[in-house]
Amino acid sequence: DARDAATLASPPAASAGFRAALAAPPAATTSVTVQVPASMRTAPFNTTRTLRVPPGWAASVYARVGGARFMAVAPNGDLLVSNPGAGTVWLVRARAGGDPTVTAWASGLYRPHDVVFHAIDGQTWVYVAEGDKVARYRYTPGDSVGQGREVLVTGLPSARSPELGGSYGHELKNIALSPAHELYVSVASISNADPADVLASPPRAAIWQYTASGGAMRVYARGLRNAEGLAFVPGTSALWAAVNNRDNIGYPFHQDFTGDGTDDYGKILTAYVDDHPPEEFTRVVDGGNYGWPYCNPNPDTPAGLDDMPFDRDVQTNADGSRLDCATATRVSKGIQAHSAPLGLTFLQGTAAPMAWREGAAVALHGSWNRSTPTGYKVAYFPWDAAAQRPGAQQDLFAGWLVGTSSWGRPVDVAAAPDGALYVSDDATGTIYRFAYSEAPPPPAQAVTSFTLIDADTDQPIAGYDPIANGASLNLNALPTRNLNVRANTTPATVGSVRFALDGVANFRTDDAAPYALAGDTNGNYAAWTPANGSHTLTATPFAGAGATGAAGTARTITFSVKRTGKK
């Protein structure tokens, strides 16, 4: 395509946006000692371990479960944990006054991986994805073993498949169930970048869709090398995936990347491979083709890690004949290459602390072939509810990587009924419990009132400083329709203010005074015109940037908007 032809001759410079995203400091974190019960202090906890967490969080070892991979919290608070190597799904059950009990909930399975609870017509089911099949169990709260197993899907590609010769590098399966009771199965590639995966019938490196009972199979999306995390945004039909991308990419431009005076096109260059191609956190749409193995997302454009365009893959699609990269479905959000994202958990609708409830947690298992290791942490993506997409990546829990050595590898995140977050670690066989204790906010930290701003003059509008609760705004009687709303706080400067408008809980967060509903640049207010009708506005102050830290006293008002009389 025309863009590829142009960039092959003259590639874009590494974008400031991409570099800034990778170099940006994480949200404020503090180092805490991992609390470990005496009975669980075998390696690596035979020495003191610390992790970095946002202020207010504490870390402890909840249970030791060998090879712990994916988790699901039962309605009664029990925790199911898969161990593919042991062929077992374990039940971890809290016990008053002692360590949790760990017993086999289902055993004798073929490489069980993802575990999902899903209710249909009043019946709760536990779906378990095995290496070659998907089964489900009838669930009654308190069940200690799986009951009434039904095998729904068989014959999934696996190391058992005759045509694959006993080898399948990404055999483990992940699943998700939609609000409409559709079953989605991630069938990963067997390779790093072999077109044989997408030429198979049906293709691997794809998402397959079934009914909840295992019927009516069809290919939903393709070109996703290894979609480990698979989940729906709660309350929506939007499917998202966290994807492990390829390794050892060839340099795709006729340029001297290394500075040695030669054309580096097609060469495997460590300095390039380290940051290319990014891992993927993306919306998965019906009929989407996300490019692998023919097209690779390019983070070196002004868009940075958002909605990345594609470059042709030198090894598989050098002339563009295999796939026109301009037609591939763009990746919503990139993650540092080689981070190995696994578990994806949306926290909306859970009991997670409010400051983190509108976002997604992604466990980054960690790199194996990056010159400087990366990953080995749990990342957090605040959610833009209006745009229905993730914001800038932040560190949530980190510290398993110390220098160039790691002592643990996060796999999955699960939200407990009490608001704690569980994190599994298959390298150490550990389930961590991260609990948050919010310190009471300073009494003076509060939103005290709202002011209607004329965005043309950046000044308050007479009669609306402050805006009275229940106020009626007649747009035809105001000096302008270019408006904004300022939240007034005590003290005048707080860490941030999060605005909620008409049911959108995280409409906007402003980190610097003045705190403006529609945004501003150092007091130069952005213009906004509210729609006719009734509105509800809430502003909450926080001690930290990005609506983190202690929450202060919120303020809520209602107001109505109309257009009457002549302007």
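The values are calculated or read from the model by the stated rules, or taken from the named source; none is laboratory data. Keep in mind that this is a model prediction, so the values were computed, not measured. Here Cβ is always computed from backbone atoms with ideal geometry, including for glycine, and neighbour counts include all displayed protein chains. With ligands, DNA and RNA removed, areas are computed over all heavy atoms of the protein, side chains included. Shrake-Rupley method; radii C 1.70, N 1.55, O 1.52, S 1.80 Å.
If I filter the stretch 516-528 for residues that are at pLDDT 95 or above, under 30 Å from the mean Cα position of the chain (by Cα) and closer than 21 Å to GLN348 by Cα, do I get at least one hit? So far as the stretch 516-528 goes, no, none of its residues is at pLDDT 95 or above, under 30 Å from the mean Cα position of the chain (by Cα) and closer than 21 Å to GLN348 by Cα. Restrict the check to the stretch 205-223 and report whether at least one residue is crowded, with 18+ Cβ neighbours inside 10 Å, among the basic types (Lys, Arg), in contact (Cβ under 8 Å) with a residue 24 or more places away in the chain and in contact with a Phe, Trp or Tyr (Cβ under 9 Å, 6 or more places away or on another chain). Taking every residue of the stretch 205-223 in turn, at least one turns out to be crowded, with 18+ Cβ neighbours inside 10 Å, among the basic types (Lys, Arg), in contact (Cβ under 8 Å) with a residue 24 or more places away in the chain and in contact with a Phe, Trp or Tyr (Cβ under 9 Å, 6 or more places away or on another chain).
Conditions tested, residue by residue: (1) open to solvent by 10 Å² or more (accessible area, probe 1.4 Å); (2) touching a helix residue (DSSP H, G or I) at 6+ places or on another chain (Cβ under 9 Å); (3) not hydrophobic (A, V, I, L, M, F, W, C).
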position: THR154; (1), (2), (3): yes, no, yes
position: SER158; (1), (2), (3): no, yes, yes
position: SER161; (1), (2), (3): yes, no, yes
position: GLY165; (1), (2), (3): yes, no, yes
position: GLY169; (1), (2), (3): yes, no, yes
position: LEU172; (1), (2), (3): yes, yes, no
position: ILE175; (1), (2), (3): no, no, no
position: ALA180; (1), (2), (3): yes, no, no
position: ALA193; (1), (2), (3): yes, yes, no
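Looking at the stretch 53-123, the strands (runs of 3 or more DSSP E) lying wholly inside it that each contain 1 or more residues that are among the hydroxyl-bearing types (Ser, Thr, Tyr) sit at 57-64, 79-83, 88-95, 98-106.
When every residue of the stretch 355-376 is checked against the conditions, none turns out to be part of a strand (DSSP E or B) and open to solvent by 40 Å² or more (accessible area, probe 1.4 Å).
Scanning the stretch 465-485 for residues that are in contact with a strand residue (DSSP E or B) (Cβ under 7 Å, 6 or more places away or on another chain) and touching a residue at least 60 places away in the same chain (Cβ under 8 Å), we see that the one that is most open to solvent (accessible area, probe 1.4 Å) is ASN469.
Scanning the stretch 407-418 for residues that are closer than 19 Å to ALA231 by Cβ, open to solvent by 10 Å² or more (accessible area, probe 1.4 Å) and in a loop (DSSP other than H, G, I, E, B) yields one hit, PRO417. When ALA462, ALA398 are screened for being farther than 21 Å from ARG555 by Cβ, of a type in the set (A, V, I, L, M) and surrounded by fewer than 16 Cβ atoms within 10 Å (Cβ to Cβ), only ALA462 passes. Quick check, is ASP247 over 20 Å from THR345 (Cα atoms), assigned to a loop (DSSP other than H, G, I, E, B), open to solvent by less than 40 Å² (accessible area, probe 1.4 Å) and not β-branched (Val, Ile, Thr)? Spelling it out, ASP247 is indeed over 20 Å from THR345 (Cα atoms), assigned to a loop (DSSP other than H, G, I, E, B), open to solvent by less than 40 Å² (accessible area, probe 1.4 Å) and not β-branched (Val, Ile, Thr).
Just one of ARG322, ARG330 is under 22 Å from the mean Cα position of the chain (by Cα), of a type in the set (D, E, K, R) and open to solvent by 20 Å² or more (accessible area, probe 1.4 Å); which is it? I'd like the intermediate steps shown before the answer.
On the way: ARG322 fails: under 22 Å from the mean Cα position of the chain (by Cα).
The match here is ARG330.
Of ASP286, ASP275, ASP307, all but one fail to be under 18 Å from LEU239 (Cα atoms), open to solvent by 20 Å² or more (accessible area, probe 1.4 Å) and assigned to a loop (DSSP other than H, G, I, E, B); the exception is ASP286. For SER189, the test of being polar (S, T, N, Q), open to solvent by less than 20 Å² (accessible area, probe 1.4 Å) and touching a residue at least 40 places away in the same chain (Cβ under 8 Å) is passed. Among the residues of the stretch 377-406, write down those that are under 12 Å from the mean Cα position of the chain (by Cα), under 24 Å from TYR272 (Cβ atoms) and in a strand (DSSP E or B). Selection gives ALA379 alone.
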